[in-house]
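Only one structure is covered here, and it is reproduced in the block below.
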Amino acid sequence: MSKVIAMAGKGGVGKTTVSALVTRYFTKHQKDPLLAIDADPNSNLGETLGLNIDKTVGDIREDFMKNPQGVPSGMDKIVYLEMLMNQVLIEQKTFDLLVMGRQEGQGCYCMVNNILNRFSDELEKNYSYLLVDNEAGMEHLSRRTSGKVDILLLVTDYALRGLRAVGRINEMLGDLKLEVRQKGLIVNRAPETLSKAFLDEVESIGVPIVCIIPEDKNLLEFDMERRSILEMEEDSPAVVAVHQMMEKVKEMIE
Ligand SMILES: Nc1ncnc2c1ncn2[C@@H]1O[C@H](COP(=O)(O)OP(=O)(O)O)[C@@H](O)[C@H]1O
Ligand SMILES: [Mg+2]
């Protein structure tokens, strides 16, 4: 079964950036098949990886619900939906990307959702690693049939608010149908030394720090110039930090 690495944390703390850096790690250092899943409706993992996204799983669901008669005559609707899903999958040399897009609106989407969920469950089997960039509620993760997450990486910036959001997510985990095997805290945009107040709060949450990422001005530049994080230099501070983290994470989830 594929190893699942998932991100969580409040908006703006760096989940997508870390996801892109983890993808970069895989493309350069770990050649196993990786499926990156952008499960945050407001997210832009594709963009940070330099990819153009024109259709999401949410779009397929929406189009289908608006026009259920659009299924070509003689074609089974399951086959049709699966064909559309295959078009949404972005295939790269070193990884594939699936963008979930918007969650459903009003109305009964159960049938379509079941088909789409079954398709992504089947798809996942083709990869050694799955990387999920989540929205705060982790809706996508709790929907998968195998509710297993090998490591949940909780991301915070260097602020008590981000850290408390992590604490809340951590407490909420028990309510989700999820088997989270390991957890690790990522402190992003961190100064050289973390204050005692911050570390005390970390301790009270009880999730061990697996990575400390400094402010990296190259990230700002890449963001402004819309360049792919995959092209960042090997010695850029954020790249170094996530690279080291992945060496550790791989051992943790072996
Ligand atoms: N370590 C860092 N140094 C500099 N800029 C960063 C760093 N981490 C994230 N950023 C920037 O912060 C912004 C928000 O990050 P993002 O990864 O989109 O957060 P999230 O996915 O959690 O909402 C982005 O513009 C990103 O380039
Ligand atoms: Mg994001």
Among the residues of the stretch 29-53, write down those that are in a helix (DSSP H, G or I) and near ligand 1 (Cβ under 9 Å from one of its atoms).
-> Leu45, Thr48
All but one of (1) more than 17 Å from Leu131 (Cα to Cα); (2) in a loop (DSSP other than H, G, I, E, B) hold for Phe64; which doesn't?
-> (2)
Residues of the stretch 11-28 being surrounded by fewer than 21 Cβ atoms within 10 Å (Cβ to Cβ) and near ligand 1 (Cβ under 7 Å from one of its atoms), in sequence order, are Gly11, Gly12
Residue list for the stretch 178-188, filter: crowded, with 19+ Cβ neighbours inside 10 Å, under 14 Å from Ile209 (Cα atoms) and more than 16 Å from ligand 2 (Cβ to nearest atom) | Lys183, Gly184, Leu185, Val187
Answer yes or no as to whether Val112 is under 27 Å from Val187 (Cα atoms) and either within 16 Å of ligand 2 (Cβ to nearest atom) or touching a helix residue (DSSP H, G or I) at 6+ places or on another chain (Cβ under 7 Å) (or both).
-> no
Select from the stretch 224-254 the residues that are without any contact (Cβ under 8 Å) to a residue 12 or more places away in the chain and assigned to a helix (DSSP H, G or I) and write down the one among them that is nearest to Ala20 (Cα to Cα).
-> Val240
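Conditions tested, residue by residue: (1) loosely packed, with under 14 Cβ neighbours inside 10 Å; (2) at pLDDT below 95; (3) out of contact with any helix residue (DSSP H, G or I) (no Cβ under 8 Å at 6 or more places or on another chain).
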site: Leu176; (1), (2), (3): no, yes, no
site: Ala190; (1), (2), (3): no, no, yes
site: Ser228; (1), (2), (3): no, no, no
site: Val240; (1), (2), (3): no, no, yes
site: His243; (1), (2), (3): no, no, no
site: Glu251; (1), (2), (3): yes, no, yes
Examine the stretch 2-22 for a residue that is closer than 15 Å to Met232 by Cβ, of a type in the set (Lys, Arg) and in contact (Cβ under 8 Å) with a residue 60 or more places away in the chain, and state whether such a residue exists.
-> no
Select from the stretch 160-190 the residues that are in contact with a strand residue (DSSP E or B) (Cβ under 7 Å, 6 or more places away or on another chain) and not aliphatic (A, V, I, L, M) and list them in ascending order.
-> Gly162, Asn170, Glu179, Arg181, Gln182, Lys183, Gly184, Asn188, Arg189
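A quick yes/no check of all residues on (1) away from ligand 2 (no atom under 16 Å from the Cβ); (2) within 22 Å of the chain's Cα centre (by Cα); (3) among the aromatic types (Phe, Trp, Tyr):
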residue: Asn170; (1), (2), (3): yes, yes, no
residue: Leu194; (1), (2), (3): yes, no, no
residue: Ala197; (1), (2), (3): yes, no, no
residue: Val202; (1), (2), (3): yes, no, no
residue: Ile209; (1), (2), (3): yes, yes, no
residue: Val242; (1), (2), (3): no, yes, no
Residues of the stretch 15-43 that turn out to be within 14 Å of ligand 2 (Cβ to nearest atom), touching a helix residue (DSSP H, G or I) at 6+ places or on another chain (Cβ under 6 Å) and closer than 25 Å to Asn114 by Cα, as a count = 4
When the residues of the stretch 44-57 are filtered to those that are closer than 11 Å to Leu97 by Cβ and among the aliphatic types (A, V, I, L, M), which remaining residue is nearest to ligand 2 (Cβ to nearest atom)?
-> Leu45
Considering (1) surrounded by 15 or more Cβ atoms within 10 Å (Cβ to Cβ); (2) assigned to a helix (DSSP H, G or I); (3) away from ligand 2 (no atom under 16 Å from the Cβ); (4) of a type in the set (Val, Ile, Thr), say which one Val4 fails and leave the rest.
-> (2)
Would you say Asn218 is more than 30 Å from Met1 (Cβ to Cβ) and part of a helix (DSSP H, G or I)?
-> yes
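The values are calculated or read from the model by the stated rules, or taken from the named source; none is laboratory data. A quick note: this is a predicted structure, and the numbers were derived from the prediction, not measured. Note that each Cβ is placed from the backbone with ideal geometry, even for glycine, and that neighbours are counted across all protein chains shown.
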